[in-house]
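Notes for the one structure printed next.
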Amino acid sequence: MTLKYRIKRLKNKDGIRSCIIINESNGLPLVYPNLYMSVISRTNSYSFSTMEAIANALLLFERYNADMNVGVFDMVNSDIEKLVSNKGYLFGLMNALSYRNDLENVTSILKKQHVSKRTLYFKIMTIENYVKWFFDNIAINNIDSSRYETISRAFDFIKPRIENGKNYNIESESKSLTNEQVTTLTDMVSVKSKINPFSAHVRFRNNLIIEILLETGIRGGELLNIKLVDFDYVHKSLCIVRRPDDQNEPRLRQPLVKTLERKIPLSIELTELIQNYISDFRSKQCHAGEHDYLLVTHSSKGQLGHALTISGYQKIFEQIRKNSNVLSDIVGHSLRHTWNVKFSEMMLMNSNSQDYITYEKVRNYLMGWKKNSTTSDIYNQAFIAQESRKIMAVINPLKNIVEDKSNVSNSKKATRKSIFGF
């Protein structure tokens, strides 16, 4: 019988969240991965989201070992050729880690989405750290100490194969939406749209979600963390508030605010849209009065109203991807990248160069970044690439050389035309 493992999320009476890896068939926790996570969470004070990412990497590692019918002891005892050959253990592991595992009902490998190189690199590093910890603390008396060097060499051999796993600039270029994609998205989620893929009772909420993300550029965790008290109808603003380990948070997988707290001004249109949702849609769900979170689950008969979960939020974008070839790669975070591109375009069109520093300070505030943060460089890759193409179209040396030669042949009086002086 194939072993099945999964992550179980826990919350204690103080609201502190943790997670463990369990055997799904009997509910028992896996000893060594959970011991390792317990040790590093105490020594490094990692956040729950970081521990969840580590647990996910170790979960995939244990699933791979179960499929291969090997254990960690077998892995650390293998010779380096078996570990790093093209059909060896680590290349098979890297392939298994390369796909998202958030879809439960996957019928074809072609439908799976690749994780980013940065994510793959994180998973490989997590597993390497775990294996080395296992060697130092569990297997040290049962395995030749020279095996540690073999393991290190094996991981050092495959990590460069993740093609610049730490470099995410090129990946970031494609994360923002084009104008065509934004139009397609807003047309699709419009409440009365004929191509809207959502049930009638969630259309207004889903349209509101897209409108909030496009106008404010906030993160998904920040969106799901918004409470009614954070929305100010009179002053047309939305507060982003940090609430780690909130005892009143009903969701085991708590949406977190990873940025600084701030107050974001809203347009009149979005202010009215939020108010309409609260009064005309949220209020009609019977469980909505049990908590203060803005976005809730909906049913046609009003029998729901629980706080919208991370998985529920992600399913909205999964449905959009399924119903549009143009939006086949969209995720919620794409809209944060899009906001930054639009902000940069607006800044370039409407300000003088001496105002750029002020605009960057405004961007950092609205995004919740530190005052002198350079995080915008990550989100701005699409805009930078776009402007680079425009500049290169003007200063293309070869094009100017050809045009210059043509002008010289047509007129003896012609002088240089190239900006490079040819």
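Applying the criterion of at least 2 residues that are within 24 Å of the chain's Cα centre (by Cα) and at pLDDT 75 or above to the helices (runs of 4 or more DSSP H) found wholly in region 356-422 leaves 356-367, 376-379, 381-395.
Would you call Leu335 aliphatic (A, V, I, L, M), closer than 13 Å to Ile209 by Cβ and in contact with a helix residue (DSSP H, G or I) (Cβ under 6 Å, 6 or more places away or on another chain)? Yes. Among the residues examined, Leu223 does not qualify as modelled with pLDDT under 95 and either loosely packed, with under 15 Cβ neighbours inside 10 Å or within 21 Å of His333 (Cα to Cα) (or both). When Met349 is tested against the conditions (1) without any contact (Cβ under 8 Å) to a residue 12 or more places away in the chain; (2) crowded, with 17+ Cβ neighbours inside 10 Å, the lone failure is (2). Of all residues assigned to region 184-194, none qualifies as being exposed (fewer than 14 other Cβ atoms within 10 Å of the Cβ) and in contact (Cβ under 8 Å) with a residue 24 or more places away in the chain.
Confirm whether Lys361 is outside the structural domain of Asn207 (by TED's automatic domain parsing), closer than 25 Å to Val189 by Cα and without any contact (Cβ under 8 Å) to a residue 12 or more places away in the chain.
Working: outside the structural domain of Asn207 (by TED's automatic domain parsing): yes; closer than 25 Å to Val189 by Cα: no; without any contact (Cβ under 8 Å) to a residue 12 or more places away in the chain: yes.
So Lys361 does not fit the description; no.
May I ask you to list the residues in region 226-243 that are surrounded by 13 or more Cβ atoms within 10 Å (Cβ to Cβ), in contact (Cβ under 8 Å) with a residue 40 or more places away in the chain and not hydrophobic (A, V, I, L, M, F, W, C)? Matches in region 226-243: Lys227, Asp230. Selection over region 304-319 of residues that are in a loop (DSSP other than H, G, I, E, B) and loosely packed, with under 14 Cβ neighbours inside 10 Å gives a count of 0. If the condition is being over 22 Å from Ile240 (Cβ atoms) and either part of a helix (DSSP H, G or I) or in contact with a strand residue (DSSP E or B) (Cβ under 8 Å, 6 or more places away or on another chain) (or both), then region 260-286 contributes Ser279, Asp280, Ser283, Lys284, Gln285.
The set of residues in region 62-94 being among the hydroxyl-bearing types (Ser, Thr, Tyr), modelled with pLDDT of 80 or more and closer than 18 Å to Ser152 by Cα consists of Tyr89 alone. With respect to Lys301, is the statement that it is surrounded by fewer than 18 Cβ atoms within 10 Å (Cβ to Cβ) and either touching a helix residue (DSSP H, G or I) at 6+ places or on another chain (Cβ under 7 Å) or part of a loop (DSSP other than H, G, I, E, B) (or both) true? The answer is yes for Lys301. The residue that is farthest from Thr50 (Cα to Cα), among those in region 3-35 that are of a type in the set (A, V, I, L, M) and touching a residue at least 60 places away in the same chain (Cβ under 8 Å), is Leu3.
Residue under question is Glu81, and the condition is that it be more than 26 Å from Lys258 (Cα to Cα) and of a type outside the set (A, V, I, L, M); does it hold?
Details: more than 26 Å from Lys258 (Cα to Cα): yes; of a type outside the set (A, V, I, L, M): yes.
Yes, satisfied.
Screening Pro250 on (1) loosely packed, with under 15 Cβ neighbours inside 10 Å; (2) touching a residue at least 40 places away in the same chain (Cβ under 8 Å); (3) not in a loop (DSSP other than H, G, I, E, B) shows it passes everything except condition (3).
The values are calculated or read from the model by the stated rules, or taken from the named source; none is laboratory data. Quick caveat: nothing in here was measured; it's all calculated off a predicted structure. Don't worry about glycine lacking a Cβ; one is built from the backbone with ideal geometry, like all the others, and counts go over all protein chains shown.
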